[in-house]
Amino acid sequence: MIILGIDPGSRKAGYGVIELDGRKIKYLASGIMAYDHIDEFMHRLGLIHQECLDIVEQYRPTEIAIESLIYVKNASSYGKLAQARGAMIAAFMVGHLGKVFEYAPNLIKSSVTGHGHATKDGVQKGLGLILGKREFKTADESDALAIAICHALNRKMKKPGTGAGTNYSRGRTLKQVFKDKV
């Protein structure tokens, strides 16, 4: 099974692709999609949609996981993030027949580190234990891989298209799933 994780953004977004084979998680690819070179936000939405279609075409994921919308203090930024996420989800739904899942940030962090309020460095260290040591261009890239891993650990407990919820303690952590490995 190929899982695509997406850390959404209106100026740049991270993506991470892993393969889940039984209990083994294998790194396949990761990177960022940058849109900030386009000044007009409405034009940026078209590029966001197209790049998401291109990523699905390139990696052909079985399932896609995306971080749920997080609250930001600036209403304009919140609106733009919501629209960018909408463009992404629309692109992912085109060929995926509803196999798109969303997860709350605290569940993502908890799944990778065992702590729902882990720092970006903590997430990267947790990823190093799971996928082997690697360098990340941005936190968006490492966050996207964490989202993919969160889905790998929690996918059997969610229905496609369901909300992320706020209680991250119901999710499974790496230690619970891989008791003999961690």
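The values are calculated or read from the model by the stated rules, or taken from the named source; none is laboratory data. Just so you know, these numbers come straight off a predicted model, no measurement behind them. Note that we place each Cβ from the backbone using ideal geometry, even for glycine, and neighbour counts take in every protein chain shown. Accessible surface areas use protein heavy atoms only, side chains included; no ligands, DNA or RNA. Shrake-Rupley method; radii C 1.70, N 1.55, O 1.52, S 1.80 Å.
Quick notes
- Odd one out for TYR35 among (1) crowded, with 18+ Cβ neighbours inside 10 Å; (2) under 20 Å from PHE136 (Cα atoms); (3) within 16 Å of the chain's Cα centre (by Cα): (3)
Residues checked against (1) among the β-branched types (Val, Ile, Thr); (2) open to solvent by 60 Å² or more (accessible area, probe 1.4 Å); (3) in contact with a helix residue (DSSP H, G or I) (Cβ under 8 Å, 6 or more places away or on another chain):
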{"residue": "ILE6", "(1), (2), (3)": "yes, no, yes"}
{"residue": "GLY14", "(1), (2), (3)": "no, no, yes"}
{"residue": "GLY22", "(1), (2), (3)": "no, yes, no"}
{"residue": "GLU40", "(1), (2), (3)": "no, yes, no"}
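- In segment 43-58, the residues that are buried (at least 20 other Cβ atoms within 10 Å of the Cβ) reach residues that are of a type in the set (Gly, Ala, Ser) and assigned to a helix (DSSP H, G or I) with C-beta atoms within less than 7 angstrom, at least six apart or across chains, in these pairs: LEU45/ALA84; LEU45/ALA87; ILE48/ALA84; ILE48/ALA87; CYS52/ALA91.
- Put simply, of VAL72, VAL94, VAL112, VAL100 the only residue that is at pLDDT 90 or above and within 29 Å of GLU40 (Cβ to Cβ) is VAL100.
- On the stretch given as segment 21-32, residues that are modelled with pLDDT of 95 or more and either small (Gly, Ala, Ser) or in contact with a Lys or Arg (Cβ under 8 Å, 6 or more places away or on another chain) (or both) total 5.
- Only a single item in (1) touching a Cys at 6+ places or on another chain (Cβ under 9 Å); (2) closer than 20 Å to ALA152 by Cβ is not met by ALA91, and it is number (2).
- Filtered residues of segment 123-160 (kept if polar (S, T, N, Q) and surrounded by 24 or more Cβ atoms within 10 Å (Cβ to Cβ)): SER142
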